[in-house]
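First comes the structure, then the notes that go with it.
A short reminder: the numbers here are calculations on the coordinates, not readings from a lab. Since this is a predicted model, take the numbers as computed values, not measurements. Here the Cβ is made from the backbone with ideal geometry for all residues, glycine too, and neighbour counts use every protein chain on show.
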Amino acid sequence: MENSMSPSLIFYIIFAVPYIIFMYWLVKQDKHKYAWGLAIITVVALLAIYVSQKASKVAMDNYQQHQIDSREIEREERLQKQQDSINHAQQ
């Protein structure tokens with residue numbers, strides 16, 4: 001359980017907490033009705049959606065390749081068992 005929690009903690013410590021602090025500071029500095037804060041939040045949200053889509057595509061590609069590799073390994077194991085049984089029967 002500790003290993004699955006580590007990436008989340010690292011993410012929050014390195015990215016989320018500094019981002020929230022920066023956004024709070026930026027909004028407090030903005031005298032134009034929080035225009036900069038809204039603009040940056042919008043850009044970051046769009047960037048997050050783009051990265052999420054790319055990561056999802058890579059994950060799906062990896063999963064499909066894993067399925068192909070698993071089927072190939074199973075086929076090779078079946079062939080090896082058949083070959084072993086033939087060799088055993090010949091002895």
*Can you spot a residue in the stretch 41-61 that is surrounded by 10 or more Cβ atoms within 10 Å (Cβ to Cβ) and touching a residue at least 12 places away in the same chain (Cβ under 8 Å)?*
yes
*So HIS88, is it out of contact with any Ser or Thr (no Cβ under 6 Å at 6 or more places or on another chain) and surrounded by fewer than 10 Cβ atoms within 10 Å (Cβ to Cβ)*: yes
